[in-house]
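The values are calculated or read from the model by the stated rules, or taken from the named source; none is laboratory data. This is a predicted model, so every value here is computed, not measured. Ideal geometry is used to build each Cβ from the backbone, glycine not excepted, and the neighbour counts take in all protein chains shown.
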Amino acid sequence: MEQKIAILGLLFACFVWAITGVTFKIFTELGVSIAVILFAGIFFRFITVWFIADYKKVKHEWVKDKRELKFVILNGLFSLGTPVFFILAISHTTLSNAYFIAFTAPAWVLVGAVFFLGEKLTTKKILGLFLTMLGIFFISNPEKIFSIDAGIGFAFLAALSFSGDIITGRELKDYSYHTVALYSNAVQLLSLAIAIPFFFSIPSLDFNIFTLWPLAVLGLFRGVSSDIYYYALERLEASTVAIVSLAELFFGSILAYFIFSEIPMQNEFVGYILIFVSGLIIILRKSDIEDFEYLLHLRRKH
């Protein structure tokens, strides 16, 4: 029963994340600063996570040691990097393209396993990697093979960041999901506050209040989704979480069609199918994703 609830909750979270992507695109097209979009969303998400933990009277868990602190910080940074790169991606390409490129994450986790963990390249793995690369090739537009598409590049970075988010999130499984969500959002908020003066233009304080409240509502829903996500990681196998998370691709594509009238070209649609199939091939292999903390050169203590 708990697994069914976790899956349904994860589907709800996927829908919220899909709406988030649509909202990001709407605000960027309206000229709203990336710093405002991110800071408002993360701030209200943090408040929501804190409220949920307080409401459920969750016992506060302190970070046990330096090794665990490294994972907390890394998880927060990866969680922040994913939306940053994603927003930059949708500023240069379609929402659907950004979504499908970002969801090539399983392939890059697999690549790390081969190079850093010494896993053998099986026929199944090679097929998954080949289909992933072929899918990216079609989405990038085969006629412009030698050109560099900024949107595809940023989406690829979002995929790498998303991979790190999953890996580090699983490594923090000894903590309650409320604690992980709270720490992760706190690190994101602090990191963004430090980074804004260096990497983003300082947002004006006179932006319309009607710009703030949708971001606040979105942040609240993302806070609930963040809590649900970590709950699912505790109740489900990592591979199951990855498979169910693919639902965000469909939600995002449907919303992109109805809101932005995005209709993929033939080559892009072929790329979507290839990436989806490759993701299933890679995810459904029986690998222990928990071993991937070695990619970060950190060891388990148990």
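Filter segment 66-87 for residues that are at pLDDT below 90 and over 14 Å from the mean Cα position of the chain (by Cα) and give the result.
66, 67, 68, 69, 70, 71, 72
Condition check: at pLDDT below 80, among the aliphatic types (A, V, I, L, M) and surrounded by fewer than 21 Cβ atoms within 10 Å (Cβ to Cβ). Does residue 295 satisfy that?
When the stated conditions are applied, residue 295 passes them.
Has segment 258-277 got at least one residue that is modelled with pLDDT under 75 and closer than 30 Å to residue 3 by Cα?
Looking for residues that are modelled with pLDDT under 75 and closer than 30 Å to residue 3 by Cα, one finds none in segment 258-277, hence no.
Could you check segment 19-109 for helices (runs of 4 or more DSSP H) lying wholly inside it with 2 or more residues that are within 22 Å of residue 182 (Cα to Cα), in contact with a helix residue (DSSP H, G or I) (Cβ under 6 Å, 6 or more places away or on another chain) and touching a residue at least 24 places away in the same chain (Cβ under 8 Å)?
So the answer is 34-55, 66-90.
So the check is Cβ under 7 Å with 6+ separation or different chains; which pairs have a first residue in segment 259-277 that's closer than 11 Å to residue 134 by Cβ and a second one that's modelled with pLDDT of 85 or more and in a loop (DSSP other than H, G, I, E, B)?
275/104
If I ask for residues that are over 12 Å from residue 81 (Cα atoms), modelled with pLDDT of 80 or more and out of contact with any Asp or Glu (no Cβ under 9 Å at 6 or more places or on another chain), which ones from segment 146-179 would you list?
Result: 150, 151, 152, 153.
Given (1) modelled with pLDDT of 75 or more; (2) among the hydroxyl-bearing types (Ser, Thr, Tyr); (3) under 18 Å from the mean Cα position of the chain (by Cα), where does residue 240 come up short, assuming only one miss?
(1)
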